[in-house]
Amino acid sequence: MVVSLSRRGNVEPFHAMDVLAEANRLRAQGVPVISMAVGQPSDPAPARVRAAAAKALQHGRIGYTDTLGLAGLRKAIAEHYADHYRLEVEPGRIAVTTGSSAAFNLAFLAMFDPGDRVAIAAPGYPAYRNIMAALGIEVVEIELGDAAYLHAGHLEAAHREKPLKGVLFASPANPTGAVIPADELSALVNTAETLGIAVISDEIYHRLAYGAPDTTALAFGNSVTVINSFSKYYCMTGWRIGWMVLPEELVRPVERIAQSLYISPPELSQIAAIEAFAATDELEAVKGRYAWNRELLMTRLPELGFPLAAPMDGAFYAFCDVTRHTNDSMAFARKMLAEAHVAATPGRDFDTQAGHRTMRFSYAGSHDDMVEAMARIERWLR
Ligand SMILES: Cc1ncc(COP(=O)(O)O)c(C=O)c1O
């Protein structure tokens, strides 16, 4: 028997999953673990989203849709750009995808060839690096150091060293929660344009910023590829539904690749997602709880010796420096889980260079859990 293994399959594992697996094992044994490790809302999808799905299941056949998505959903997403950003976006430029994860695959496949150099920030969401590596794209990780977010200066310096074909950034970011201010975002997009670097803006944490209003990179040019999702603000991780806003030239290539990659996004999730934009009251209540949790953690984590390594501008993450307690955040996270029964994510996944010094705490859970987690960590550290 011959088993063929490609070099591309040799990407980094998602180390945090080891911590999660251990948390699940403890839970199964009846240990009351509080998880601050998962990057997903603890609330279900909005009631009207679930009702639409239930109705569709009762009355309809769920089948393939157009590869770029149901016309009704593409129109609803276009209307969202008008309502939320005061931007006119043609529904024809919108591609519905199976989560933003599929959108990354499509964007990378349609925009880059093997060997092209694409910049991302470190720390950053590990799937960017892993998908690009699997596709043979050269990942250029820009260490942010003391900077909260990627800015035009970083891009210029990296491009000067060796030319870049693309850049991908997220604002608000995972794991830091940092938001790129509108003027800096404008400078970043314009600099990329001037240098001939294609921009992908991951806006999955939009509507989850606690200070400034959201600014989409689309506001600074139509050659930007925007990726977004129903997973985070809309509490729909498991529905696997997201979208892209594409420059005209990329619509057909993305459609062609998606046709063969997965035919169409799931119809049931698309029907349900149309309702998500009308569920703002319910979703703002959820966001209100995140904001309450954020206030708590902003004070409690530094008190416990975990100073913030980035501003808690958005998403539902506190990204902390853990060097007062350890120089090995992975071992520390394991020990904290085993002894204090609180799970958090070691920085290693987000930053292979400096991640041993950091940890990410997700505050998407209940407020009582956040209070209890901080109390447990305090007792444990003593
Ligand atoms: C920054 C960022 N982008 C994309 C994703 C993927 O989300 P999904 O595929 O559920 O849309 C995540 C998930 O944690 C994320 O944090």
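Values quoted throughout were computed directly from the atomic coordinates according to the rules given, and no laboratory measurement underlies them. Predicted, not measured: the structure shown is a model, and the values here were computed from it. Quick reminder, even Gly has a Cβ in these numbers, built from the backbone with ideal geometry, and neighbours come from all protein chains shown.
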Checklist line | Which numbered condition Thr65 fails, given (1) assigned to a helix (DSSP H, G or I); (2) more than 17 Å from Leu246 (Cβ to Cβ) | finding: (1)
Note to self: What are the pairs with Cβ atoms under 8 angstrom where one residue, in the range 151-176, is within 16 Å of the ligand (Cβ to nearest atom) and the other, located anywhere, is among the hydroxyl-bearing types (Ser, Thr, Tyr) and assigned to a helix (DSSP H, G or I)? Sequence gap at least six, or different chains.
What the structure shows: Leu168/Tyr128
Item checked: Whichever residue in the range 114-153 is in a strand (DSSP E or B) and under 16 Å from the mean Cα position of the chain (by Cα) and, among such residues, is surrounded by the most Cβ atoms within 10 Å (Cβ to Cβ) -> Ala121
Next item on the list: Quick one: in the range 56-101, of everything that is farther than 20 Å from Ser223 by Cα and within 14 Å of the ligand (Cβ to nearest atom), which residue is surrounded by the fewest Cβ atoms within 10 Å (Cβ to Cβ)?
Entry: Ser101
Note to self: Can you pull out every residue in the range 350-382 that is closer than 24 Å to Tyr234 by Cβ and crowded, with 16+ Cβ neighbours inside 10 Å?
What the structure shows: Phe350, Arg360, Phe361, Ser362, Tyr363, Ala364, Gly365, Asp369, Met370
Next item on the list: Hey, can you tell me all the residues within the range 208-243 that are within 11 Å of the ligand (Cβ to nearest atom), of a type in the set (Val, Ile, Thr) and in contact with a helix residue (DSSP H, G or I) (Cβ under 7 Å, 6 or more places away or on another chain)?
Entry: Ile227, Ile241
